[in-house]
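Here, each number is a calculation from the coordinates, and none is a lab measurement. Predicted model only: the values in this text are computed from it and were never measured. Note: ideal-geometry Cβ built from the backbone for every residue, glycine included; neighbour counts use all protein chains shown.
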Amino acid sequence: MRYALGDFKKGLVKATILLAGIAATGIAGAQSADRAGNWESRLAVSFDNSSDWDFEGGTEAAVDSDVSWIFGFGYHYTDNLEFGGTFEFGQQDYQADIASGTLPGVVFSVDGELETMRLMIDGTYNFLPGKFSPFISAAVGWSWIDTNIATQPPQTGCWWDPWWGYICTTYQNTKSINGLTYRAGVGLRYDISDSFAIHGAYRMTWTDLENADGTPDQDSFLLGVGWKF
């Protein structure tokens, strides 16, 4: 895999130093953001970096960088502590060399598109109660990944629709994988007003996939907005 835990630690140290420097300038201020007791809707875009995934038997996949979309809600238990959940959806091109399970030494090359959906629950700790605050976050959930690799020939089904008449469509089953997902991140938050906030973060995500050699990981940068109510 291209990214290791050591890379995340280096990024985390750099981000922490930057956050500490910004906070030290006094931008954070003493004015409270009054987050405690508020719900917050979330809308964000995640810029997902490329990564390499290795599997047992010699299969390898190179996943290209792309963006994914995040929707969710959170509840501010205090000005510092927030709990929430998100739904994420993204698509990434990939190139894979798939080792044959029955023919030793035979490898099939595939280009395709991964479609990933995630449901995550998370916790965030804002270091400062003011409008501007650095934060750390952690999340756990489940990922569903469709490789779009066909597992059987196309099939056609037909039915009668009272509005459109006789309809036929062709579909094809594809290989899907899923697994436990966990994440850690560090970022900055600014409460623009009593209702709106913006935030950015650097995150590292790991997913336990069947037959993977280790735990596939991916780092990303997130930009989002929140509406408090």
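Structure above, values below:
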read-out	value
Estimated FRET transfer efficiency when R0 is 30 angstrom, pair Val225-Trp144 (beta carbons, to 0.05)	0.70
Nearest-ten-degree value, helix 5-24 long axis tilted from longest Cα axis of the chain	30 degrees
Extension reserve of the Glu210-Ser176 stretch, reckoned as 0.36 nm per residue once the Cα distance is removed	11.2 nm
As computed over segment 176-229, the Cα convex hull volume per residue (Å³)	101 Å³
Positive dipole terminus of the chain, leading residue within Gly112, Phe127, Ser51 (C-beta point charges)	Phe127
Helical mean residue ellipticity (222 nm; -39500 (n - 2.57) per DSSP H run of 4+; nearest 500) of the chain	-3000 deg cm²/dmol
